[in-house]
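*Asks:* Following this message is one structure expressed as structure tokens.
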Amino acid sequence: MKKDEVPQETARTYGGVKKLLYAVDEAGEYTGVNSAGWEPETFATVQAVDELNRLRDEAFADAKAGRVSPLVFWMYARRMEPATLTATTGLWAWRVKRHFKPAIFARLPDRILARYAEVMDITVAQLRGLPAAPDAQ
């Protein structure tokens with residue numbers, strides 16, 4: 001993309017901040033250019049956030065009903081999905097998936113809960129429970 005072709009549409013997902021992109025200048029060299037946004041990127045971001053919110057709300061209801069552990073709710077509330085949670089905690093994917101089961105989660109030692117809590121920036125006490133509402137975390 002050329003320097004003068006960098007999108008400058010106002011993106012509501014940027015929160016008034018500009019994003020650094022790299023484009024080719026007149027000399028054919030890559031240079032940093034600030035972008036105010038691009039509508040297709042905004043649309044995709046909003047779609048992704050809406051989907052994570054839907055998954056968060058569904059996980060909240062499932063955790064309240066005892067079908068999944070609170071870990072599932074907190075994962076989505078922190079804008080993660082199983083692969084991200086696995087990568088950030090350093091735990092095997094099969095272990096993380098197993099911890100989604102309420103009975104298994106209830107028996108987890110504090111050292112494992114602390115790993116989850118650290119990557120989600122919450123306390124172990126918060127991780128063990130649920131907030132009053134899905135969007136009140």
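*Asks:* For region 52-95, give the magnitude of the charge dipole about the Cα centre (Cβ charges: +1 Lys/Arg, -1 Asp/Glu; no others), in debye to the nearest 20.
*Replies:* In debye, rounded to 20, region 52-95 gives about 80.
*Asks:* About the Cα centre, and with charges only on the beta carbon of Lys, Arg (+1) and Asp, Glu (-1), how big is the dipole of the chain? Nearest 20 debye, please. Please report the intermediate quantities before stating the final value.
*Replies:* Numbers: 19 positive and 18 negative charges, 237 e Å.
Taking the Cα centre of the chain as origin, the dipole is about 1140 debye.
*Asks:* Please compute the net charge surrounding Arg56, taking Lys and Arg as +1 and Asp and Glu as -1 over other residues with Cβ under 13 Å from its Cβ.
*Replies:* Local charge sum for Arg56: -3.
*Asks:* From Cα pairs below 8 angstrom and at least 6 apart in sequence, can you work out the relative contact order of the chain, rounded to a whole percent? If you can, show how the numbers build up before the last one.
*Replies:* On the way: 163 pairs, mean separation 24.3, N = 137.
This gives 18 percent for the chain.
*Asks:* How large is the helix-only mean residue ellipticity at 222 nm for the chain, computed as the sum of -39500 (n - 2.57) over DSSP H runs with n ≥ 4, divided by its residue count, in deg cm²/dmol to the nearest 500?
*Replies:* -15000 deg cm²/dmol
*Asks:* Can you match Cα Rg over 2.2 N^0.38 Å to one of these, [x] 1.13; [y] 1.39; [z] 1.03, based on a calculation from the structure here?
*Replies:* Identified label for the calculated read-out: [y].
*Asks:* If the chain between Ala132 and Thr13 were fully stretched, how many nm would it gain, using 0.36 nm times the residue separation less the Cα-Cα distance?
*Replies:* Using 0.36 nm per residue and subtracting the Cα-Cα distance, I get 40.1 nm.
*Asks:* Tabulate in residue order the Karplus-calculated ³J(HN,Hα) for region 49-59, using 6.51 cos²θ - 1.76 cosθ + 1.60 with θ = phi - 60°, rounded to whole Hz; enter x for Gly and Pro.
*Replies:* 5, 4, 5, 5, 5, 5, 5, 4, 5, 5, 5
Only the coordinates and a few stated rules stand behind these numbers; no lab work does. Here the structure is a predicted model, which is why all the values come from computation and not from measurement. Virtual Cβ from ideal backbone geometry, glycine too; neighbours counted across all protein chains shown.
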